[in-house]
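The values are calculated or read from the model by the stated rules, or taken from the named source; none is laboratory data. Remember, it's a predicted structure, so these values are computed and weren't measured experimentally. Ideal geometry is used to build each Cβ from the backbone, glycine not excepted, and the neighbour counts take in all protein chains shown.
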Amino acid sequence: MIVSACFTNFGPYHLARLRALATALGDRGDRLVAIEVAGSERTYPWTRDRRDEPFEWVTLFPDRVLESLDARDCTRAIENALEEYEPDAIAATGYARPESMAAARWGRKRRLPVVLMSESQAIDRPRVWWKEAVKRRRVAFFDSALVGGPSHRDYLVRLGMRAERITPGYNAVDNAYFERESARYRNDSASRAGLPDRPYFLCVCRFVPEKNLERLVAAYALYRDSAPAGAAWDLVLCGGGLGEADLERLIARMPDPESIHRPGFLQVDALPRWYAFASAFVLPSVSEPWGLVANEAAACGLPLLISTRAGCAESLVPDPAGMTGARFDPFDVAELAARLGWLATLSESERQAMGERAAMTVARLGPERFAAGMLEAVSLAESVRSSKRTRESRFRVQQGGVR
């Protein structure tokens, strides 16, 4: 059996998932053809090493940037690739991109099992009825789905997919890598050179409005005002983006701007050092389909402060509060400030235990879970296809009898 999985552009976490899936398929004599649309994209300017992989790596436009491609180019390219490799099952990312829907239509036409990979939530943004109607028609092209967690499942059910055809496991990072590399840095005291001397909250994200950094900075200022003299933690904001200049002006107006550090956008090989010496991780987004950086932080053993709007919140910060961290309303600056203060006043041993529980929680959501979820989703899609073929066969027999 050949399974084809289609993404826009492979980042480090895509590769971790694909390696696990290829290994699981290989164990049963099957293989994976992994297709990315473009060799790079502006939204996520990550770098990756292209080495020997346990899957066939296909790049439709190796020398193009994703944002420079038009829909017709993407549609033709994915159809040509599928014609060439002739997969027995297809997994496509979302229902918005032209190549995803082209892959779904291609598979549907050939009566192949088609899996939707989705991380959309109802709360991600305001929903408009006619757009939801379009989505329902598009979701109908897929036989099953692989999603991140309960909120993603519930939204797909709302769009018409039956709950029993949906399996979790989509949102995974290379947990072993982050756990290993952060431990290596912690065991080398010289590794902290160039990082803040004081304990610090760490946030890793793009500098765009939905990440809610202005409220985080405002909450941090409130926290510093109420912290005992000399006891306040620093704040590290890793990332970059269109809102960088506005954020810089906001920080400059703070009483202690030097307490906020901005190391810029960091590639995956540079992130574990910042995770290693952080005292806690905070993700303040007002719209966040999942928040894979929270997986990374949890794998590094950090306590988590996660926005209730993040898709990962329920999975990584389960009730009761204090197990792995806490959730907060990202629109409530005072609540976020209180959460920062609460975490900073815990003992080191309490925070360490919280981080250990976070690591154990995310360990169940690694690349192997993605692979298992995908195999389950393919099996569910095969069952749907088989049932439809049986119904079609019975209908033809009945029609023949009528004649």
What are the residue pairs meeting all of these: first residue in region 311-327, first residue of a type in the set (Lys, Arg), second residue assigned to a helix (DSSP H, G or I), Cβ atoms under 9 Å, and 6 or more apart or on different chains? Arg327/Ala313; Arg327/Glu314; Arg327/Arg339
Complete set of residues in region 60-75 that are free of Cβ contacts under 8 Å to residues at least 24 places away in the same chain and either in contact with a Cys (Cβ under 7 Å, 6 or more places away or on another chain) or surrounded by 13 or more Cβ atoms within 10 Å (Cβ to Cβ) (or both): Asp73
Within region 261-299, the residues that are assigned to a strand (DSSP E or B) and farther than 19 Å from Tyr223 by Cβ are Pro263, Gly264, Glu288
Against the definition (over 19 Å from Asp30 (Cβ atoms), out of contact with any helix residue (DSSP H, G or I) (no Cβ under 6 Å at 6 or more places or on another chain) and at pLDDT below 95), how does Asp70 come out, yes or no? no
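Yes/no matrix, rows are residues, columns are (1) out of contact with any Pro (no Cβ under 9 Å at 6 or more places or on another chain); (2) within 30 Å of Arg165 (Cα to Cα); (3) not in a helix (DSSP H, G or I):
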position	(1), (2), (3)
Gly301	yes, no, yes
Ala334	yes, no, no
Leu343	no, no, no
Arg385	no, yes, no
Counting only residues that are surrounded by fewer than 18 Cβ atoms within 10 Å (Cβ to Cβ) and farther than 16 Å from Leu222 by Cα, region 245-260 contains a total of 4
Kindly indicate which of Pro289, Pro303, Pro318, Pro330 is of a type outside the set (Lys, Arg) and under 17 Å from Leu213 (Cβ atoms). Pro330
Can you find a residue in region 115-122 that is assigned to a helix (DSSP H, G or I) and either under 22 Å from the mean Cα position of the chain (by Cα) or assigned by TED's automatic domain parsing to the domain that holds Val37 (or both)? yes
From the set of residues in region 10-56 that are acidic (Asp, Glu) and not in a loop (DSSP other than H, G, I, E, B), which is surrounded by the most Cβ atoms within 10 Å (Cβ to Cβ)? Glu36
Out of curiosity, is Gly264 within 20 Å of Leu304 (Cβ to Cβ) and either touching a His at 6+ places or on another chain (Cβ under 6 Å) or without any contact (Cβ under 8 Å) to a residue 40 or more places away in the chain (or both)? no
